[in-house]
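Data block below; observations after.
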Amino acid sequence: MSTIILAIESSCDDCSAAIIKDGVILSNVTNTQEVHRNYGGVVPELAARNHDQYILPIVDTALKQAGVDKSQLKALAVTRGPGLLGSLIVGVSFVKGLASSLNIPIIEVNHMQAHVLAQFATPPVPSFPFLCLTVSGGHTQIVKVDNFLEMEVIGSTLDDAAGEAFDKTGKMLGLPYPAGPIIDKKAQLGQVKYEFPIPKIPGLNFSFSGVKTAIRYFLRDQTKENPRFIEENINDICASVQSHLVSILLSKIKRAARELNINTIALAGGVSANSELRKRFKAEGDKRNWECFIPEFQYCTDNAGMIAVVAHHKFLKGEFSDQSIAPAARMHF
Ligand code: KG4
Ligand code: ZN
């Protein structure tokens with residue numbers, strides 16, 4: 001008999017539902033909230049209300065697209081954390097209610113573990129062990145992955161995440177949130193002309209707050225001399241900032257690959273959509289004989305498909321939770 005699971009993701013500003021059948025994703029439906037565009041970042045209260053409004057139609061659409069009736073579901077999976085508490089509560093409460101009415105178990109999923117297992121959403125898939133650089137709006141991690149549910153964070157950011165560095169730079173440049181994709185587009189029209197300091201962080205950890213401050217002072221000094229500096233040089237500024245951030249990310253993953261002697265390397269998270277990161281990651285891979293993996297775009301940004309992949313493996317191992325689960329804003333694995 002086949003195993004069909006409905007998975008829900010509501011940790012930040014994407015409300016998503018997916019159906020997985022015997023490890024194959026049948027549908028992955030995501031609504032990215034637009035309400036935060038003019039605020040320079042996600043407004044937690046607005047995000048929670050928006051999830052509340054969208055969760056039911058999103059689940060309905062995911063079931064319809066998969067051609068599945070809820071009576072066929074064997075379990076319900078949900079992101080328990082990390083994320084925004086108000087947003088997580090919406091997903092967790094929804095799943096608790098539906099699980100009790102259908103009398104099926106709940107599977108709790110760690111959002112960061114799910115970003116890593118997004119590699120298995122569609123083929124080709126990496127072999128174990130591999131290293132995964134997860135770069136999103138909230139997190140920057142290097143993860144050593146030994147098996148589907150056995151993984152270890154070996155490097156992470158001490159302050160801002162990589163996506164946050166893109167988004168906060170965008171805010172300084174007057175761009176709407178999320179600025180990452182806009183910086184990416186503008187960078188393609190510009191040239192790397194300005195340099196910023198490389199943070200001296202030991203080991204495999206990252207730091208982006210110093211870079212952010214350096215960019216702030218750079219823009220302040222330049223606009224003092226020429227008030228139209230940003231307008232006149234926006235593409236070159238974007239190209240320079242983007243190239244700098246990508247260099248920081250690649251230098252640490254190169255170091256991790258060397259130190260651990262692992263040549264299967266994956267990218268995950270929203271920032272892995274960045275064209276410069278993808279291009280230079282693949283070029284490094286060619287140079288160093290890495291096997292490189294980047295999930296399809298719909299599985300890079302927050303989505304329930306990746307939650308469903310983790311749920312599938314937890315189901316196989318019988319790892320279930322009960323009605324007592326509570327969302328966790330902070331969560332490690
Ligand atoms: O994984 P994700 O959807 O959500 C979080 O878990 O945070 O990542 C969103 C982040 C945002 O910071 C956004 O600016 C960034 O990914 N992002 C990009 C690009 N597309 C999305 N950053 C740089 N270049 C892109 N093309
Ligand atoms: Zn995420």
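All of the numbers you see were taken from the coordinates with simple rules; none came from a lab. As the structure is a computational prediction, the values presented were derived from the model and not from experiment. Virtual Cβ from ideal backbone geometry, glycine too; neighbours counted across all protein chains shown.
Some points to look at:
- Mean Cα-pair separation over length for the chain, i.e. relative contact order, pairs under 8 Å, 6 or more apart, %: 25 percent
- At 1.567 mPa s and 4 °C, Stokes D of the range 186-333 from Kirkwood alpha-carbon radius, µm² per second: 70 µm²/s
- Long-range amide H partners of Ser156 with built H, under 5 Å: Ile142, Asn205, Phe206
- Debye, to nearest 20: dipole size of the chain, +1 on Lys, Arg Cβ, -1 on Asp, Glu Cβ: 540 debye
- Along each principal axis, taking the top coordinate minus the bottom one, the Cα set of the chain gives 67, 44, 31 Å in descending order.
- Between Phe297 and Leu85, residue separation times 0.36 nm minus the direct Cα-Cα distance comes to 73.7 nm.
- Rounded if a/c under 1.5, otherwise prolate or oblate - the range 90-168, Cα gyration tensor axes: oblate
- Counted without the sites themselves, the longest stretch of the chain free of GluC sites (Glu not before Pro) in a DSSP loop having at most 15 other beta carbon atoms within 10 Å is 35-194.
- Per-residue ³J(HN,Hα) for the range 194-210, Karplus 6.51 cos²θ - 1.76 cosθ + 1.60, θ = phi - 60°, Hz, x for Gly and Pro: 10, 10, 10, x, 7, x, 9, 10, x, x, 9, 7, 10, 8, 10, 6, x
- Under Karplus coefficients 6.51, -1.76 and 1.60, residue-wise ³J(HN,Hα) of the range 139-144 in Hz, glycine/proline x: 9, 9, 9, 10, 10, 8
- Sequentially through the range 281-293, phi angles give Karplus couplings (6.51, -1.76, 1.60; θ = phi - 60°) of 4, 5, 5, 4, x, 4, 5, 9, 6, 7, 9, 9, 9 Hz, Gly and Pro residues having no value and appearing as x.
- Once you divide the Cα radius of gyration of the range 1-152 by 2.2 N^0.38 Å, the number left is 1.05.
- Between Ala308, Ala214, Ala99, the residue with the greatest mean-square fluctuation in the GNM of the chain (Cα pairs under 10 Å linked by springs) is Ala214.
- Computed over the chain with a Gaussian network model linking Cα atoms closer than 10 Å, the most mobile of Tyr54, Tyr194, Tyr217 is Tyr217.
- Distance between the modelled labels on Ser275 and Tyr217, one decimal in nanometres: 3.2 nm (7 Å Cα→Cβ projection).
- The chain: most fluctuating residue of Lys21, Lys193, Lys171 per GNM, C-alpha cutoff 10 Å: Lys193
- When the helices of the chain are scored as -39500 (n - 2.57) per DSSP H run of n ≥ 4 and the total is divided over every residue, the value at 222 nm lands at -14500 deg cm²/dmol.
- A cut-off under 12 angstrom between Cβ atoms defines the neighbours of Lys144, and their net charge, with Lys, Arg +1 and Asp, Glu -1, is -4.
- If you take all other residues with their beta carbon under 12 Å from the beta carbon of Ile58, and give Lys and Arg +1 and Asp and Glu -1, the sum is -3.
- Packing-based exposure ordering (other Cβ within 10 Å, fewest first) of Thr213, Thr3, Thr140: Thr213, Thr3, Thr140
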